[in-house]
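So the structure is just underneath, and the comments pick up after that.
The values are calculated or read from the model by the stated rules, or taken from the named source; none is laboratory data. None of these values were measured; they are calculated from a predicted model. Heads up, the Cβs are rebuilt from the backbone with ideal geometry, glycines too, and the neighbour counts pull from every protein chain shown.
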Amino acid sequence: MAVHQSDVLIIGSGPAGLTAAVYSARANLNVIVLEGIQPGGQLTTTTEVENFPGFSNGIMGPALMDEMRQQAERFGARLMVRHVDKVELTEQPLRIYADDDVFETRSLIIASGASARLLGLETEKTLMGYGVSTCATCDGAFFRGKAVAVVGGGDSAMEEATFLTKFASKVYVIHRRDTLRASKIMQDKAFANDKIEFVWDSSPEEVLGDREQTGVTGVRVANLKTGEKKDIAVDGVFIAIGHIPNTSIFKGQVEMDEAGYILTRDGTRTNLPGVFAAGDVQDNRYRQAITAAGSGCMAAIDAERHLEGIADVHSE
Ligand code: NAP
């Protein structure tokens with residue numbers, strides 16, 4: 001079991017984690033980034049990012065994350081692909097256990113992001129990867145000329161539905177209410193697309209098909225107002241009903257709200273000294289790449305000040 005030491009350990013490698021890494025490493029601190037199981041975070045599952053300032057013609061999500069990674073490494077941050085199993089954050093040095101390694105650090109920035117929320121259906125689980133997906137960008141091209149369904153009524157669902165019309169012959173949007181949560185501009189785009197058909201007030205009860213032979217063949221939906229059930233024939237079902245923060249390993253140590261988002265105060269501080277949080281793991285309101293990057297910068301500055309404070313105490 002190898003023991004690694006750092007001034008700043010960052011869990012997560014999305015825009016929050018990598019921006020924190022750029023700032024901390026550039027401040028001459030010893031920085032390790034544990035990249036997690038999805039290096040680059042959620043942006044690696046998107047296509048074009050048009051609203052990240054500085055790219056007037058847009059940039060592909062994976063390319064943007066590659067740039068951030070290289071920028072962090074240029075200043076000496078060490079990026080390691082590790083899955084964190086356990087943390088001990090109540091005394092110094094903070095200890096993070098990941099795979100077979102132990103990481104001892106003087107400060108920690110939690111930037112572990114959020115993951116796709118699922119409906120909780122048994123058949124959604126068994127057919128995941130066999131027609132059920134949480135990422136249209138990753139899997140959309142498999143559905144050329146086919147019918148698919150998108151579940152959800154937010155910006156993600158509208159974005160995925162619109163994107164899927166590039167490949168699919170038909171896209172059903174299944175939403176549990178009769179009005180959308182999505183922003184007006186995204187709604188308008190979806191409403192104007194004649195390949196998209198809305199299935200209102202409805203919720204999937206079962207994904208139809210089987211894993212070995214057919215993959216997904218349809219989705220059984222129930223109308224929540226009338227109770228009426230119907231089967232819609234589709235080859236793919238994309239779940240776009242929001243995200244849940246990746247915070248389970250911090251439970252009982254780091255304070256969170258009832259949904260599991262880490263509570264920050266006075267900038268990016270958590271309830272524990274030397275522990276900071278940035279990005280989607282502590283933000284269920286804005287959830288943008290640029291706000292995540294901004295809070296990663298804040299966390300790096302907060303961690304640096306915290307470390308300077310400790311150094312001051314020691315030198316007294
Ligand atoms: P969201 O805004 O939380 O929307 C989730 C949608 O899923 C809602 O319509 C919700 O229904 C539905 N839903 C939630 N749980 C459900 C369940 N168990 N069964 C059925 N339906 C369920 O999530 P999001 O769309 O992922 O967006 C998250 C944030 O990212 C938002 O702030 C959004 O603006 C932003 N975003 C922006 C862009 C963009 O601007 N390009 C793209 C994607 C996301 P109800 O409406 O009934 O609650």
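Quick notes
- The C-beta contact set for region 4-17 (first residue closer than 13 Å to A98 by Cβ, second residue buried (at least 24 other Cβ atoms within 10 Å of the Cβ) and aromatic (F, W, Y), distance under 9 angstrom, 6+ apart or interchain) comprises H4/F103; S6/F103; L9/F103.
- Whichever residue in region 49-81 is among the charged types (D, E, K, R) and at pLDDT 95 or above and, among such residues, is surrounded by the fewest Cβ atoms within 10 Å (Cβ to Cβ): R74
- Candidate set from region 261-284 (those that are under 17 Å from the mean Cα position of the chain (by Cα) and over 22 Å from R95 (Cβ atoms)); member that is surrounded by the most Cβ atoms within 10 Å (Cβ to Cβ): G279
- Looking only at region 106-137, and only at residues there that are more than 15 Å from the ligand (Cβ to nearest atom) and farther than 16 Å from G12 by Cβ, the one that is surrounded by the fewest Cβ atoms within 10 Å (Cβ to Cβ): G129
- Of L9, L29, all but one fail to be of a type outside the set (S, T, N, Q), touching a Phe, Trp or Tyr at 6+ places or on another chain (Cβ under 8 Å) and under 17 Å from G274 (Cβ atoms); the exception is L9.
- Scanning region 143-181 for residues that are closer than 20 Å to K230 by Cβ, away from the ligand (no atom under 12 Å from the Cβ) and not small (G, A, S) yields K146, V148, K170, V171, Y172.
- Those residues of region 251-267 which are farther than 25 Å from S156 by Cβ and either among the hydrophobic types (A, V, I, L, M, F, W, C) or in contact (Cβ under 8 Å) with a residue 40 or more places away in the chain (or both), in sequence order: Q253, V254
- Among the numbered conditions (1) closer than 16 Å to V148 by Cβ; (2) β-branched (V, I, T); (3) surrounded by 15 or more Cβ atoms within 10 Å (Cβ to Cβ), the only one that I244 does not meet is (1).
- If you go through region 201-214 and keep only what is closer than 22 Å to F163 by Cα and more than 11 Å from the ligand (Cβ to nearest atom), you end up with just V207.
- Only one of the numbered conditions (1) at pLDDT below 95; (2) surrounded by 15 or more Cβ atoms within 10 Å (Cβ to Cβ); (3) of a type in the set (A, V, I, L, M, F, W, C) is not met by L94, and that is (1).
- Test: residue in region 126-143 that is within 20 Å of the chain's Cα centre (by Cα), more than 30 Å from A190 (Cβ to Cβ) and not acidic (D, E): no
- Residues located in region 165-198, provided they are buried (at least 20 other Cβ atoms within 10 Å of the Cβ) and of a type in the set (V, I, T): V171, V173, I174, I196
- Filter result for I310 (touching a strand residue (DSSP E or B) at 6+ places or on another chain (Cβ under 9 Å), modelled with pLDDT of 95 or more and away from the ligand (no atom under 16 Å from the Cβ)): no
- Lone qualifier among I249, I262, I239 - being closer than 30 Å to D210 by Cα and hydrophobic (A, V, I, L, M, F, W, C): I239
- Remark: pairs (first residue in region 172-190, under 21 Å from L119 (Cβ atoms) and modelled with pLDDT of 95 or more; second residue hydroxyl-bearing (S, T, Y) and more than 8 Å from the ligand (Cβ to nearest atom); Cβ separation under 8 Å; 6+ apart in sequence or on different chains) = I174/S202; H175/S202; R176/S202; A190/T162.
- Any hit, region 54-64, residues being within 16 Å of the ligand (Cβ to nearest atom) and of a type in the set (V, I, T): yes
- Residue in region 227-250 that is in a loop (DSSP other than H, G, I, E, B), more than 25 Å from the chain's Cα centre (by Cα) and closer than 16 Å to L121 by Cβ present: yes
- Check on A149, assigned to a helix (DSSP H, G or I), within 11 Å of F238 (Cα to Cα) and in contact (Cβ under 8 Å) with a residue 40 or more places away in the chain: no
- Residue match in region 224-241 (condition: closer than 15 Å to V150 by Cα, within 16 Å of the ligand (Cβ to nearest atom) and without any contact (Cβ under 8 Å) to a residue 24 or more places away in the chain): no
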